[in-house]
Amino acid sequence: MGTSESSEGRKKLVYSVGDSTSYALVGKLKDVVKRSVENPLGYVVNWGRLYSLWPVHMETGCCSVELGAASGSRWDIERFGVLEAFGSLRQCDLLIVLGTVTRKMMPRLRVVWEQMPEPKWCIAIGACSISGGLYLDSYNVMQGIDQYIPVDVKVPGCPPSTYAIIDGIMLLMEKIRRSDLKGHYPAGTSEEDVHALIQAKEEVKTKA
């Protein structure tokens, strides 16, 4: 029984012993559990997470109008699993920041973020929340909220269109689908990588 590797470059965990009907489980218990239990279980858990996002809205600018349009009957982002805003932060897992965030407001935003349970995600919509927008180099406007809280997806624009907001939600859903049970992203899940993956999937669907 020699050691061999699969097509993905990983060592096999199941080896044939003697005749082809007998098998032996070889490897570290951690690797065995991860590949036989955690990966399938993680797929099911992430499937439930990405289709049941409960958002907290931090709306201070005109981008909230576009998000309101996306929540309306014409685009209806609830069909993607993004529900309406909830009052209890202990039950929400998505923070949506729209508009200007000042220095006095940032500590409150941080408190809101820390009250949300793990795993949690954040979408920054609009130029003001991403980089300060019109208030570039202002004395009281934050030049990007990602300096204080982790931002998973940024939707640029002033304000961004409804289509851009839906695209940002789909990017976040793809990142959640590729995360582990704890909600951590593996390597290669930047916005550019995930966007390229979604485009590749759409091309395959078009050819089919």
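Less than 14 Å Cβ to Cβ from Arg103, Lys/Arg counted +1 and Asp/Glu -1: what total charge do the surrounding residues give?
+2
Under a 5 Å amide H to amide H cut-off, with H placed in plane at 1.01 Å, what residues pair with Cys122 once short-range neighbours are removed?
Amide H neighbours of Cys122: Leu95, Asp152, Val153.
Which ³J(HN,Hα) values, rounded to whole Hz and listed in residue order, are derived for the range 143-152 from phi using the Karplus coefficients 6.51, -1.76 and 1.60 in 6.51 cos²θ - 1.76 cosθ + 1.60 with θ = phi - 60°, glycine and proline given as x?
With coefficients 6.51, -1.76 and 1.60, one gets 8, x, 6, 5, 6, 10, 10, x, 10, 7 Hz.
Fully extended, how many nm does the chain gain between Tyr43 and Gln115 (0.36 nm per residue separation, minus their Cα-Cα distance)?
23.3 nm
Give me, ordered by chain and number, the residues 5 or more places off Thr102 or on other chains with an amide H under 5 Å from its own placed amide H.
Met142
Ordered by residue, what ³J(HN,Hα) values in Hz, to whole numbers, does the range 46-56 give under the Karplus form 6.51 cos²θ - 1.76 cosθ + 1.60, where θ = phi - 60° and Gly and Pro are x?
The phi angles translate into 5, 4, x, 5, 6, 9, 9, 7, 9, x, 10 Hz.
Percent of Cα-Cα pairs more than 18 Å apart in the range 54-179, please.
Of the Cα pairs, 49 percent sit more than 18 Å apart.
Identify the trypsin sites (Lys or Arg not before Pro) of the range 90-124 meeting these criteria: DSSP loop state and at most 13 other C-beta atoms within 10 Å of the C-beta.
Counting only loop positions with at most 13 other Cβ atoms within 10 Å, the trypsin sites (Lys or Arg not before Pro) in the range 90-124 are Arg103, Lys104.
Short version: ³J(HN,Hα) in whole Hz for each residue of the range 165-171, in order, from phi by Karplus 6.51 cos²θ - 1.76 cosθ + 1.60 (θ = phi - 60°), x for Gly and Pro, what are they?
So the J values, rounded to whole Hz, are 5, 5, 5, x, 5, 5, 4.
Every read-out reported here was derived from the displayed coordinates using simple, explicitly stated rules and does not represent laboratory data. Everything numeric here is computed off the predicted structure, so don't read it as measured data. Cβ sites come from the backbone with ideal geometry, for glycine too, and all protein chains shown count toward neighbours.
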